[in-house]
Amino acid sequence: MNKDIKMNEKTNNMSLKFTSISENEPFARSCIQAFCLPLNPTISELNDVKTAVSEAVTNCIVHAYPKGVGIVSVEAETSGNRIHIKITDSGKGIEDVAKAVEPFFTTRPEEERSGMGFTVMKAFMDDVKVLSKPGEGTVVEMIKFFNAGIDAEEIGNSWGNDA
């Protein structure tokens, strides 16, 4: 995922795919939690990541495949004190990403959705990017730094050349 990892940093990668059914949201959250543990996160940091992953996966389950079931992919990479998570679907995509990431925006008000998923992700992670094409799907990339007082320049540089 990141081509600019420092030579002395230990890295680890994982990926998983599952069907877009609600029973798989806790599965994804638990996998990411276990994957983060070697970085020695605080309970608060771990809860932040779990919550953000839960929101991203739930978005895939609820919005990506409204007429059926599809595949959700979760990839993660740890390096140094950070985790980079990429959650992807091949569903209907988002027509207006800028509008979709606004607080309280929802395309499913009849289901009493709060429209706060992306807002929650941004609140709990150090950086969030949303890329989407109607008819092709959506990619949500998130970065979280553990046990660190880092500056904004480091966050921007952590994406590497592949973002």
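The values are calculated or read from the model by the stated rules, or taken from the named source; none is laboratory data. Only a predicted model underlies this, so the values are computations on that prediction, with no experimental measurement involved. For neighbour counting, all protein chains shown are included, and Cβ atoms are generated from backbone atoms with ideal geometry for every residue, glycine included. Only protein heavy atoms, including side chains, enter the accessible area calculation; ligands, DNA and RNA are left aside. Shrake-Rupley method; radii C 1.70, N 1.55, O 1.52, S 1.80 Å.
A few comments on the model shown:
- Enumeration of residues in region 40-59 that are surrounded by fewer than 20 Cβ atoms within 10 Å (Cβ to Cβ) and among the polar types (S, T, N, Q): 40, 42, 44, 47, 51, 54, 58
- Qualifying residues in region 128-138 (those that are surrounded by fewer than 19 Cβ atoms within 10 Å (Cβ to Cβ) and touching a strand residue (DSSP E or B) at 6+ places or on another chain (Cβ under 7 Å)) - the one farthest from residue 96 (Cα to Cα): 129
- Of all residues in region 121-139, those that are under 11 Å from residue 88 (Cβ atoms) and of a type in the set (Val, Ile, Thr) have Cβ atoms under 9 Å from Cβ atoms of residues that are open to solvent by less than 60 Å² (accessible area, probe 1.4 Å) and part of a loop (DSSP other than H, G, I, E, B), 6 or more apart or on another chain, in 138/91; 138/93; 138/94.
- Leading residue by the ranking (surrounded by the fewest Cβ atoms within 10 Å (Cβ to Cβ)) among those in region 86-119 that are modelled with pLDDT of 85 or more and either assigned to a strand (DSSP E or B) or on the phi > 0 side of the Ramachandran plot (or both): 93
- Test: residue 83 is open to solvent by 10 Å² or more (accessible area, probe 1.4 Å) and within 15 Å of the chain's Cα centre (by Cα): no
- Residue 141 being at pLDDT 95 or above and more than 13 Å from residue 59 (Cα to Cα): yes
- When residue 68 is tested against (1) small (Gly, Ala, Ser); (2) under 24 Å from residue 93 (Cβ atoms); (3) touching a residue at least 60 places away in the same chain (Cβ under 8 Å), just one condition goes unmet, and that condition is (3).
- Within region 60-71, considering residues that are out of contact with any Lys or Arg (no Cβ under 7 Å at 6 or more places or on another chain) and of a type in the set (Val, Ile, Thr), the one most open to solvent (accessible area, probe 1.4 Å): 69
- Scanning region 34-85 for residues that are of a type outside the set (D, E, K, R), part of a helix (DSSP H, G or I) and in contact with a helix residue (DSSP H, G or I) (Cβ under 7 Å, 6 or more places away or on another chain) yields 36, 46, 49, 51, 52, 53, 54, 56, 57, 58, 59, 61.
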